[in-house]
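Data first, discussion second: the structure below is written as structure tokens.
The values are calculated or read from the model by the stated rules, or taken from the named source; none is laboratory data. Predicted model only: the values in this text are computed from it and were never measured. Counting neighbours? That spans all protein chains shown, and the Cβs are built from the backbone with ideal geometry, glycine included. Each accessible area value is taken on the protein alone, full model and side chains, heavy atoms only, with ligands, DNA and RNA left out. Shrake-Rupley method; radii C 1.70, N 1.55, O 1.52, S 1.80 Å.
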Amino acid sequence: CTLFQAERETVLQGPWLADARLPAEMTIVPWLELDAGLREELYGRLSRSNSVPENLDPRWNETGIAPCSVGMIYEGKIAGWCIAYWLDSNTVCRWRLWVDPALQRMARAVPLLAETIRRGRIYGISYGVWSVSADNSAMLRLLDRRMKGYLNSAKPEWEVQKAL
């Protein structure tokens with residue numbers, strides 16, 4: 001995977017991110033303020049299917065979720081999210097960015113990411129650190145094409161395991 005770091009004010013200068021908005025039929029809501037019924041419906045869907053990779057599952061570490069995190073409501077259901085977790089008092093990490101596969105080709109993840117970063121101002125978040133799996137070619141292409149000039153760093157990271 002590749003480990004990325006960015007400063008909020010620098011990355012928001014990228015026009016593709018600064019101008020990112022969802023169409024009127026989609027709504028962004030603070031993740032921590034989601035309606036309990038919507039959350040229960042989502043968690044039920046997630047339990048019944050494998051549509052979300054484990055590393056993007058929003059149920060992971062719910063107590064560590066940063067308040068800048070958001071969800072996307074479409075047709076009365078949660079259809080995407082950008083969840084960040086606290087690393088320290090001004091840095092979030094381990095972003096979980098996911099959009100329903102039927103909406104992914106419409107670049108709906110970009111407004112979610114942008115809104116999470118914008119909301120970081122309210123909570124004193126200046127930096128973000130995240131990794132992207134080597135098999136996530138679409139996100140790596142997006143980062144290379146659109147964000148490269150706005151990042152503090154992008155470093156490859158390897159995991160080595162030995163069976164004992």
Under the rule of -39500 (n - 2.57) per DSSP H run of 4 or more residues, summed and divided by the residues of the chain, what mean residue ellipticity at 222 nm is obtained, to the nearest 500 deg cm²/dmol?
-6500 deg cm²/dmol
Of the heavy-atom accessible surface of the chain (probe 1.4 angstrom), what whole percent is carbon and sulfur?
50
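At 1.4 Å probe size, with every protein chain present, just tell me what the per residue accessible area of segment 1-137 comes to in Å².
For segment 1-137, the solvent-accessible area averages 51 Å² per residue.
In debye, nearest 20, what is the charge dipole magnitude of the chain about its Cα centre with +1 on Lys and Arg Cβ and -1 on Asp and Glu Cβ, if you could check?
360
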Using only the C-alpha atoms of segment 72-118, find the volume of their convex hull and express it per residue in Å³.
74
Modelled label-to-label distance, Met106 and Ser133, 7 Å Cα→beta-carbon offset: nm?
2.5
Any idea what the relative contact order of the chain is, in percent, if you count C-alpha pairs under 8 Å spaced at least 6 apart?
37
Just one of (i) 56, 34, 25; (ii) 48, 39, 33; (iii) 57, 34, 32 is Cα extents along the principal axes in Å calculated from these coordinates, so which is it?
(ii)
Amide H contacts under 5 Å for Arg108, placed H, 5+ residues apart
none
Sites Glu75 and Leu46 - FRET efficiency at Förster radius 22 Å, r taken between beta-carbons, to 0.05:
0.80
